[in-house]
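Structure, as C-alpha cells:
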Amino acid sequence: MSAENVEESFHLHLEAIQLLQNALETSYLDAYIENIENINDHYQVRIVDGVPKQSTVEELDRIYQKLQGISLEKEERRKLSQLLLLKGMQTEPLQPNHQLTPDSIGFLFVFLLEQLYPEKDSLKTIADLTSGMGNLLFTVLTNLEVAGYHLHGFGVDNDETMLAVAASNSQWIPTDVTLFHQDAATDLLMDPTDAVFSDLPVGYYPMDENAKKFDTAAEEDHSFAHHLLIEQGMKYVKEDGFGLFLVPTNFLETDQSEYLKKWLVDKVYLQGIIQLPDELFKNKAASKSILILQQKGETAKQVPEVLLAKVASLKEPAQVTTFFKEFKEWQSANMAN
C-alpha cells in the first residue's frame, strides 16, 4: 500500500470537491458524491444547464487527468474515501448516528468474522442494516476479500444522502454490494445472510406502531432503536450464523433492558461481549462494546462460558495481539465442534 499515492490522491480529490462545491453551491457531501460519480463516469465532468462553467470544467479535467495516472488498490480507495469524508465533517459536522465507524473498530469486526467463519465457503453473504455511508461495510468487504473470501454485501439505510455516498463509493472502490433505501426495522427486501453486523444508532425509534411487532419493544413510550435493530438483524441471519453489533456498554443496565434480556434468553445465543477501549470515546458514558450473538440451528449451541473481554487498547499492537490470543483460546475451549 502506497501512502504517497493515497496522499497525492487525497489532495487532488479535495481540490475537485471544493471546486464542485463552489460551482454547484452545494454541501460538501453532495459535492463529494458529484466528484465520485464523475470519476465513475470515466472521469467525465457532468454539466447541467451550463453548470459548472467551462473554466471549472477545465480545472476538473486537469485534476482528473492526474488522478487517472495514480494506481490505487481497493482498500486504498476505501481509506481515501474515509479521509475525504472525515475532512468534510470538520466543516459540516454530522449527527452522532451518521459518523463513520473508525477503522480500528472495523478491523476488529474483520478479525471476528474470520475467526467465526474459518471455512471461507461458509461466509458468502453479509449485511449491515445500518450501513450509512458504508465505511464499516466496505472495510469488512475489502479486507475479507484480501483474506480470500468471496462475498456479496447488503446495506440498508433510511437516509438518502448517506446511501448516495455508499452507492457512488461501491462503484468506485469497487465492491460487490446491493443497497436498500428503507427503514431497517421494517420488512426488508433481502433474504437472510450468513452474517450480519452493525454499528447501531442509539436512541428512540419513533414509529411506535411498527415497534409493537418486536419482542424487544418497550411496553410504554418509544422503544430503543438499537434493541429493535438487534432483533431485526438476527431475523436476517441464517441458522447457526452470527450477528455482531456495536452497542452502548451499558446496554443491559437501562430501563428497557428487561425486554432485551428476555429476548436474548428466548430467541438467540448470547456468546460474547467485548468491551472496547476507553481511549476510543470522549467519556465513559459513551463507551461501546461488541455484542456477539448466534442464531439457533443444528450446530449452534450456547457456549459454556460467555466471552466477557475488554480490549485494553487498539493503538498498542501488543495489546491487540493479547486480545486476539484471548479470543482464540476462548473460542477453542467453548466453540470447537
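The values are calculated or read from the model by the stated rules, or taken from the named source; none is laboratory data. Here the structure is a predicted model, which is why all the values come from computation and not from measurement. Cβ atoms come from the backbone with ideal geometry, glycine included; neighbour counts cover every protein chain shown. These area figures cover heavy atoms from the full protein model, side chains too; ligands, DNA and RNA do not enter into them. Shrake-Rupley method; radii C 1.70, N 1.55, O 1.52, S 1.80 Å.
Restricting attention to the range 327-337, the residues that are open to solvent by 70 Å² or more (accessible area, probe 1.4 Å) and part of a helix (DSSP H, G or I) add up to 4. Screening the range 7-29 for residues that are within 14 Å of Leu85 (Cα to Cα) and hydroxyl-bearing (Ser, Thr, Tyr) and picking the one that is most open to solvent (accessible area, probe 1.4 Å) gives Ser27. In this structure, Leu244 does not qualify as under 28 Å from Thr322 (Cβ atoms), part of a loop (DSSP other than H, G, I, E, B) and touching a helix residue (DSSP H, G or I) at 6+ places or on another chain (Cβ under 7 Å).
Quick one: which of Lys296, Lys282 is of a type in the set (Lys, Arg) and modelled with pLDDT under 95?
On the way: Lys296 fails: modelled with pLDDT under 95.
The match here is Lys282.
Looking only at the range 253-260, decide whether some residue is farther than 24 Å from Pro206 by Cβ and either open to solvent by less than 10 Å² (accessible area, probe 1.4 Å) or outside any strand (DSSP E or B) (or both). The answer is no; no qualifying residue exists. Screening the range 100-139 for residues that are part of a loop (DSSP other than H, G, I, E, B) and without any contact (Cβ under 8 Å) to a residue 12 or more places away in the chain and picking the one that is surrounded by the fewest Cβ atoms within 10 Å (Cβ to Cβ) gives Glu119. Filtered by the rule that a residue be over 22 Å from Glu231 (Cα atoms), exposed (fewer than 15 other Cβ atoms within 10 Å of the Cβ) and polar (S, T, N, Q), the range 289-321 gives Gln319, Thr321.
Looking at the range 88-140, which of its residues are within 17 Å of Asn169 (Cβ to Cβ) and more than 15 Å from the chain's Cα centre (by Cα)? Passing the criteria: Gly88, Met89, Leu94. The set of residues in the range 49-63 being open to solvent by 70 Å² or more (accessible area, probe 1.4 Å) and in contact with a helix residue (DSSP H, G or I) (Cβ under 9 Å, 6 or more places away or on another chain) consists of Lys53, Glu59.
For residues in the range 217-235 being open to solvent by less than 40 Å² (accessible area, probe 1.4 Å) and touching an Asp or Glu at 6+ places or on another chain (Cβ under 8 Å), which is modelled with the lowest pLDDT? Per the stated criteria, the residue is Ser223. In summary, Gln68 fulfils each of the numbered conditions (1) open to solvent by 50 Å² or more (accessible area, probe 1.4 Å); (2) under 16 Å from the mean Cα position of the chain (by Cα) with the single exception of condition (2).
Please find, among Lys238, Lys213, the residue that is surrounded by fewer than 21 Cβ atoms within 10 Å (Cβ to Cβ) and within 21 Å of Gln294 (Cα to Cα). Quick ask: steps written out before the conclusion?
Details: Lys213 fails: within 21 Å of Gln294 (Cα to Cα).
Step by step, each of Lys238, Lys213 is checked, and only Lys238 is surrounded by fewer than 21 Cβ atoms within 10 Å (Cβ to Cβ) and within 21 Å of Gln294 (Cα to Cα).
Applying the set (1) open to solvent by less than 70 Å² (accessible area, probe 1.4 Å); (2) touching a helix residue (DSSP H, G or I) at 6+ places or on another chain (Cβ under 7 Å) to Lys87 leaves exactly one unmet item: (1). Residue count for the range 192-212 under the criterion of being without any contact (Cβ under 8 Å) to a residue 24 or more places away in the chain and more than 21 Å from Val247 (Cα to Cα): the result is 3. Candidates in the range 147-184 are the residues that are open to solvent by less than 20 Å² (accessible area, probe 1.4 Å) and in contact (Cβ under 8 Å) with a residue 60 or more places away in the chain; of these, the one that is nearest to Lys124 (Cα to Cα) is Ile173. The one condition from (1) surrounded by 16 or more Cβ atoms within 10 Å (Cβ to Cβ); (2) free of Cβ contacts under 8 Å to residues at least 24 places away in the same chain; (3) closer than 19 Å to Gln171 by Cβ that Tyr32 does not meet is (2).
Note on the range 185-204: among residues that are open to solvent by less than 20 Å² (accessible area, probe 1.4 Å) and of a type in the set (Ser, Thr, Tyr), the one that is nearest to Glu119 (Cα to Cα) is Thr193. Selection of the range 7-30 for residues being under 16 Å from Gln65 (Cα atoms) and not hydroxyl-bearing (Ser, Thr, Tyr) yields Glu8, Phe10, His11, Leu12, His13, Leu14, Glu15, Ala16, Ile17, Leu19. The residue pairs whose first member lies in the range 264-276 and is within 21 Å of Lys310 (Cβ to Cβ) and without any contact (Cβ under 8 Å) to a residue 40 or more places away in the chain, whose second member is of a type outside the set (Phe, Trp, Tyr) and assigned to a helix (DSSP H, G or I), and whose beta carbons are closer than 6 Å, counting only pairs six or more residues apart or on different chains, are Leu270/Leu264.
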